[in-house]
Amino acid sequence: MPTYRPTTPAGLVEACVAVFAERPGRVVGGIEGADAAHPDRLADDVAAALRASGRPAAVVRVVDYIRPASVRMEFGRTDTESYRTAWFDYDALDREVVTALRDTGVWLPRLWDERTDRSPRDRPVSAAPDQVVIVAGPMLSGRGLDLSPTVTLTMSEAALRRTTPTDAAWTVDAVVDHARTAAESDVTVRYEHADRPAIRTAG
């Protein structure tokens with residue numbers, strides 16, 4: 001059985017910084033979690049701590065690689081299967097961030113603006129030799145993204161239903177289903193309560 005070590009939000013940031021900092025050269029890692037876990041907030045804190053230590057670091061949000069409304073809402077605004085398979089352009093994330101940074105030393109911060117439903121027209125960003133880019137968002141595992149290291153914020157179905165806004169409750173089933181087949185991460189965090197995370201230590 002896995003065991004978990006309780007920690008604090010600051011302690012979680014330190015643990016994540018440690019696994020990112022130990023990778024040399026250009027690094028593209030991931031922090032995966034449901035929207036209710038706010039993985040982008042953790043990614044922002046980890047990137048800020050890395051920058052404070054002298055390591056270039058940036059965050060790419062999965063929501064900024066969302067597909068156009070005409071694609072993701074083809075079967076309605078609350079279709080669970082569409083949310084899991086069609087809402088986010090993981091192939092573009094691979095092409096424009098993961099593979100691009102490693103092969104050409106550049107990455108594209110954003111591909112699509114959900115609010116305006118059009119391209120934000122971002123320009124590719126050049127990477128430093130020791131650049132860290134953290135991809136943050138839901139359902140990253142199993143998408144063919146070569147992310148390393150990886151951090152997963154896990155929440156029970158009950159916790160997801162308690163913390164997910166009512167207008168997004170329909171997404172919970174997709175997140176729960178995806179979690180059942182998710183690959184093991186370098187850092188797995190039990191995240192039922194954001195102020196009382198616990199890091200998996202064994203099992």
With a Förster radius of 41 Å, plug the Cβ-Cβ distance of Ala10 and Met73 into 1/(1 + (r/R0)^6) and report the FRET value to the nearest 0.05.
0.55
HN-Hα J in Hz across the range 189-197 - Karplus 6.51, -1.76, 1.60, θ = phi - 60°, x for Gly and Pro:
10, 7, 10, 4, 10, 4, 8, 9, x
How large is ³J(HN,Hα) for each residue in the range 126-143, as worked out from phi by the Karplus curve 6.51 cos²θ - 1.76 cosθ + 1.60 (θ = phi - 60°), to whole Hz, x for Gly and Pro?
7, 9, 6, x, 10, 4, 10, 10, 10, 8, 10, x, x, 6, 7, 5, x, 9
For the range 112-120, what does the Karplus curve 6.51 cos²θ - 1.76 cosθ + 1.60, with θ = phi - 60°, yield as ³J(HN,Hα) per residue in whole Hz, taken in order and with x for Gly and Pro?
8, 9, 4, 5, 8, 6, 7, 5, x
Taking amide H atoms as placed 1.01 Å from N in the peptide plane, list the residues 5 or more away in sequence, or in a different chain, whose amide H sits under 5 Å from that of Val106.
Leu101, Ala127
Counting only residues 5 or more apart in sequence or on a different chain, those whose built amide H sits under 5 Å from that of Ala58 are Val132, Val133, Ile134
Regarding the chain, what's the average projected area of the Cα-atom convex hull, expressed in nm²?
11.2
Between the range 128-194 and the range 38-96, what is the C-alpha centre distance in whole Å?
11
What does the charge add up to near Asp186, with Lys and Arg as +1, Asp and Glu as -1, over the other residues with Cβ less than 14 Å from its Cβ?
-2
Within a Cβ distance under 12 Å of Arg55, other residues only, what is the Lys/Arg minus Asp/Glu net charge?
+1
The chain: longest stretch without exposed GluC sites (Glu not before Pro) (DSSP loop, at most 10 other Cβ within 10 Å), sites themselves excluded?
23-183
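Readers should treat all values here as calculations from the given coordinates under stated rules, not as data from a laboratory. These numbers were taken from a predicted model, which means no experiment stands behind them. Cβ atoms come from the backbone with ideal geometry, glycine included; neighbour counts cover every protein chain shown.
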